[in-house]
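Quick notes on the structure that follows.
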Amino acid sequence: MKFKDYIDIKDFVQVVCPECKALLMADKDMEYWHCGHCGFKLNMEDALGGRPAPKKEKRTPVLKGEIFKREGDVLYQYAGDSEDVEIPENITKIASGAFKGNKNIKSVVIPDTVTDIADSVFEGCTSLESVRLPAGITKINYKTFNGCDSLKTITIPASVEQIMYNAMCCGLEEIVFESSNTTWEIDNEATNPSFWISKNGKGNGVSRIFFKQQTFNAGDVFRHRSLFTYLRGEGLCTNCGSKFGMFGKCKACGAKKAY
């Protein structure tokens with residue numbers, strides 16, 4: 001797609017993104033750039049109406065003054081004020097503190113291209129109510145959601161192997177686990193647990209844990225550090241959380257009991 005109309009401003013060119021129609025400024029030294037609003041990749045030759053971009057030393061694209069500030073495929077800062085955010089699909093890592101302290105954001109959708117979410121990414125996002133985590137991450141890192149007081153529920157993808165200390169000490173009341181193998185940490189003298197629990201169903205903290213259509217009391221499960229360990233100890237199916245029949249076969253999913 002080529003643009004007939006553009007505005008030259010010294011070393012930058014101002015164009016309209018063909019995907020989301022946002023008005024953006026792009027550095028003419030770049031061979032290509034991505035829209036900071038929707039992530040659309042645009043060749044600079046197209047942006048310049050068919051004229052070749054200046055041939056200078058190649059460097060990693062860095063968006064300046066846009067909503068999604070990044071270096072290459074790493075998002076290092078969200079600079080917008082939208083309540084609902086969808087991170088571009090060409091991002092693979094979210095750097096530490098990228099959304100930290102943002103009071104406006106209410107929901108965020110993280111694409112499956114993201115495989116690494118660093119420490120404190122959403123720390124202090126007090127209005128955050130909903131987050132869609134990517135299917136490929138293996139860890140919820142330190143202070144990722146701390147201080148997210150409005151976040152009441154979250155779904156942990158099956159790919160997550162570990163929830164680190166102090167990762168989700170926030171407003172959570174329930175957690176949905178897609179795998180029983182995800183582990184978490186309980187508190188010790190040095191640090192907080194992975195998430196708070198509501199003891200005896202009273203007070204702030206997680207009171208319900210969901211797994212494969214089954215509901216469990218968080219206080220009963222928490223000290224076991226994983227659903228797998230809890231379910232096995234209770235004689236329940238670690239594959240779906242249901243009961244076994246008299247011949248050691250799960251009534252719900254048909255899995256055989258491991259002795």
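Taking the residues in region 117-163 that are of a type in the set (Gly, Ala, Ser) and within 23 Å of Glu89 (Cβ to Cβ) as candidates, determine which candidate is surrounded by the fewest Cβ atoms within 10 Å (Cβ to Cβ). Give the steps one after another, and end with the answer.
Here is the first cut: in region 117-163, the residues of a type in the set (Gly, Ala, Ser) are 118, 120, 124, 127, 130, 135-136, 147, 150, 158-159.
Now drop any that are not within 23 Å of Glu89 (Cβ to Cβ), which leaves 118, 130, 135-136, 158-159.
Details: Ala118: 18, Ser130: 15, Ala135: 15, Gly136: 15, Ala158: 12, Ser159: 17.
So, considering only residues that are of a type in the set (Gly, Ala, Ser) and within 23 Å of Glu89 (Cβ to Cβ), the one surrounded by the fewest Cβ atoms within 10 Å (Cβ to Cβ) is Ala158.
Within region 172-204, which residues are modelled with pLDDT under 95 and of a type in the set (Gly, Ala, Ser)?
Of everything in region 172-204, those that are modelled with pLDDT under 95 and of a type in the set (Gly, Ala, Ser) turn out to be Ala190, Ser198, Gly201, Gly203.
Can you run down the residue pairs with Cβ atoms below 9 Å, 6 or more apart or on separate chains, where the first is in region 239-259 and on the phi < 0 side of the Ramachandran plot and the partner is in a loop (DSSP other than H, G, I, E, B) and among the β-branched types (Val, Ile, Thr)?
What qualifies is Ala255/Thr238; Ala258/Thr238.
Could you tell me which of the residues Asn204, Asn166 is at positive phi and either in a loop (DSSP other than H, G, I, E, B) or out of contact with any helix residue (DSSP H, G or I) (no Cβ under 8 Å at 6 or more places or on another chain) (or both)?
On the way: Asn204 fails: at positive phi.
Exactly one of Asn204, Asn166 is at positive phi and either in a loop (DSSP other than H, G, I, E, B) or out of contact with any helix residue (DSSP H, G or I) (no Cβ under 8 Å at 6 or more places or on another chain) (or both), namely Asn166.
Got at least one residue in region 108-119 being assigned to a loop (DSSP other than H, G, I, E, B), more than 29 Å from Glu234 (Cα to Cα) and more than 11 Å from the chain's Cα centre (by Cα)? First the steps, then the outcome.
From region 108-119, those assigned to a loop (DSSP other than H, G, I, E, B) are 110-115, 118-119; that's our starting set.
Keeping just the survivors that are more than 29 Å from Glu234 (Cα to Cα) gives 110-115, 118-119.
Checking the rest, the ones that are also more than 11 Å from the chain's Cα centre (by Cα) come to 119.
So far as region 108-119 goes, yes, one or more of its residues are assigned to a loop (DSSP other than H, G, I, E, B), more than 29 Å from Glu234 (Cα to Cα) and more than 11 Å from the chain's Cα centre (by Cα).
Identify all residues within region 180-190 that are over 17 Å from the mean Cα position of the chain (by Cα) and either within 23 Å of Gly233 (Cα to Cα) or surrounded by 18 or more Cβ atoms within 10 Å (Cβ to Cβ) (or both); write none if there are none.
Start the filter on region 180-190 by keeping residues that are over 17 Å from the mean Cα position of the chain (by Cα), which leaves 180-181, 183-190.
Selection gives Ser180, Asn181, Thr183, Trp184, Glu185, Ile186, Asp187.
When you go through Lys212, Lys243 one by one, which is the residue that is exposed (fewer than 15 other Cβ atoms within 10 Å of the Cβ), more than 21 Å from Lys143 (Cβ to Cβ) and of a type in the set (Lys, Arg)? Talk me through it step by step, then tell me what you get.
Values: Lys212 fails: exposed (fewer than 15 other Cβ atoms within 10 Å of the Cβ).
When all the criteria are applied, what remains is Lys243.
Can you say whether Lys251 is of a type in the set (D, E, K, R), outside the structural domain of Phe122 (by TED's automatic domain parsing), surrounded by fewer than 16 Cβ atoms within 10 Å (Cβ to Cβ) and touching a Phe, Trp or Tyr at 6+ places or on another chain (Cβ under 8 Å), as far as the supplied structure shows? Full working, then the answer.
Details: of a type in the set (D, E, K, R): yes; outside the structural domain of Phe122 (by TED's automatic domain parsing): yes; surrounded by fewer than 16 Cβ atoms within 10 Å (Cβ to Cβ): yes; touching a Phe, Trp or Tyr at 6+ places or on another chain (Cβ under 8 Å): yes.
Against the criterion (of a type in the set (D, E, K, R), outside the structural domain of Phe122 (by TED's automatic domain parsing), surrounded by fewer than 16 Cβ atoms within 10 Å (Cβ to Cβ) and touching a Phe, Trp or Tyr at 6+ places or on another chain (Cβ under 8 Å)), Lys251 qualifies.
Given the structure, is Cys240 assigned to a loop (DSSP other than H, G, I, E, B), more than 26 Å from the chain's Cα centre (by Cα) and either among the acidic types (Asp, Glu) or not assigned by TED's automatic domain parsing to the domain that holds Asp149 (or both)?
Numbers: assigned to a loop (DSSP other than H, G, I, E, B): yes; more than 26 Å from the chain's Cα centre (by Cα): no; either among the acidic types (Asp, Glu) or not assigned by TED's automatic domain parsing to the domain that holds Asp149 (or both): yes.
Spelling it out, it is not the case that Cys240 is assigned to a loop (DSSP other than H, G, I, E, B), more than 26 Å from the chain's Cα centre (by Cα) and either among the acidic types (Asp, Glu) or not assigned by TED's automatic domain parsing to the domain that holds Asp149 (or both).
Report yes if some residue within region 133-155 is basic (Lys, Arg), in the same structural domain as Phe216 (by TED's automatic domain parsing), on the phi < 0 side of the Ramachandran plot and in a loop (DSSP other than H, G, I, E, B); otherwise report no.
Our first condition is that a residue be basic (Lys, Arg); within region 133-155, this holds for 139, 143, 152.
Narrowing further to those that are in the same structural domain as Phe216 (by TED's automatic domain parsing): 139, 143, 152.
Pick out the ones that are also on the phi < 0 side of the Ramachandran plot and you get 139, 152.
Next, only the ones that are in a loop (DSSP other than H, G, I, E, B) stay: 152.
Scanning region 133-155 turns up at least one residue that is basic (Lys, Arg), in the same structural domain as Phe216 (by TED's automatic domain parsing), on the phi < 0 side of the Ramachandran plot and in a loop (DSSP other than H, G, I, E, B).
Given the condition buried (at least 17 other Cβ atoms within 10 Å of the Cβ), closer than 25 Å to Val108 by Cβ and of a type in the set (Ser, Thr, Tyr), answer yes or no: does some residue in region 164-176 qualify?
Yes, there is a match, as at least one residue in region 164-176 is buried (at least 17 other Cβ atoms within 10 Å of the Cβ), closer than 25 Å to Val108 by Cβ and of a type in the set (Ser, Thr, Tyr).
The values are calculated or read from the model by the stated rules, or taken from the named source; none is laboratory data. Given the structure is predicted, the values throughout are model-derived calculations rather than measurements. Cβ: placed from backbone, ideal geometry, glycine included. Neighbour counts: every protein chain shown.
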